[in-house]
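Taking it in order: structure first as structure tokens, then the write-up.
The values are calculated or read from the model by the stated rules, or taken from the named source; none is laboratory data. Values in this document were obtained by computation on a predicted structure and should not be read as measured data. Here the Cβ positions follow ideal geometry from the backbone for every residue, glycine too, while neighbour counts run over all protein chains shown. Surface accessibility is based on the protein's heavy atoms, side chains included, excluding ligands, DNA and RNA. Shrake-Rupley method; radii C 1.70, N 1.55, O 1.52, S 1.80 Å.
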Amino acid sequence: MSNATTLATAPFTPTPEMISAAESLLLAIAYERTVRPIVEGYERKILAERKWEVKSEMQKEPGVMEYITASNLTWLMSGEDFESYRKRCNEERVAAKLDSAVDDSLPQDDYCPLLVAVDITRKMKITLCEVMASVAKISSDDMMMLSTEETERLVEMSLNLLVGFVANPLAEGGRSKPTT
């Protein structure tokens, strides 16, 4: 007989809020992963259509023209160029049949679908961390001090705990059986 003691662990029973938060986050991640390649594809296409100039006050070397080559740098464009770029993005968004806003009351051409998806995913991660705070033994004040990496670890651990309880839209009745 071994001297090692085995700690019995109580079975984890999530609250409905925990399950709902995990389901919402998984849907947000799936939507973001669906939208990302479409939006990034048409953004690359639009940037390749012409030379989009960096506005003069943002140039590294005065008098040496620089051009925008990546969508994360479009903020360096002049207001006029950015409006043209945004208009082209909206045309491509419509052609790709993507909605840009989650809320149907918002004008569809005012939002980038990828930025909306990223924002929803971020909010759902925060919600999941908040509802899992008691399990993680972390206060909301402590949660605000977590680094991005620590928050991602908390999200991953929470999802690992909850994934067996989330709805499976492909299962009969829409819910998978919890794994034990």
| Residue check: is Ala117 under 25 Å from Ala21 (Cβ atoms) and either open to solvent by 50 Å² or more (accessible area, probe 1.4 Å) or in contact (Cβ under 8 Å) with a residue 40 or more places away in the chain (or both)? | yes
| field | Residues (among the aliphatic types (A, V, I, L, M) and part of a helix (DSSP H, G or I)) located in segment 54-71 | value | Met58
| task | Take segment 133-161 and flag every residue that is over 19 Å from the mean Cα position of the chain (by Cα) and closer than 28 Å to Thr34 by Cβ. | result | Leu161
| task | Please tell me if Thr74 is of a type in the set (Val, Ile, Thr), modelled with pLDDT of 90 or more and not in a helix (DSSP H, G or I). | result | no
| task | Could you please find all residues in segment 140-153 being within 18 Å of Thr15 (Cβ to Cβ) and either open to solvent by less than 50 Å² (accessible area, probe 1.4 Å) or touching a strand residue (DSSP E or B) at 6+ places or on another chain (Cβ under 7 Å) (or both)? | result | Met143
| task | Kindly establish whether Tyr31 is surrounded by 14 or more Cβ atoms within 10 Å (Cβ to Cβ), of a type in the set (Phe, Trp, Tyr), closer than 30 Å to Thr151 by Cα and touching a helix residue (DSSP H, G or I) at 6+ places or on another chain (Cβ under 9 Å). | result | yes
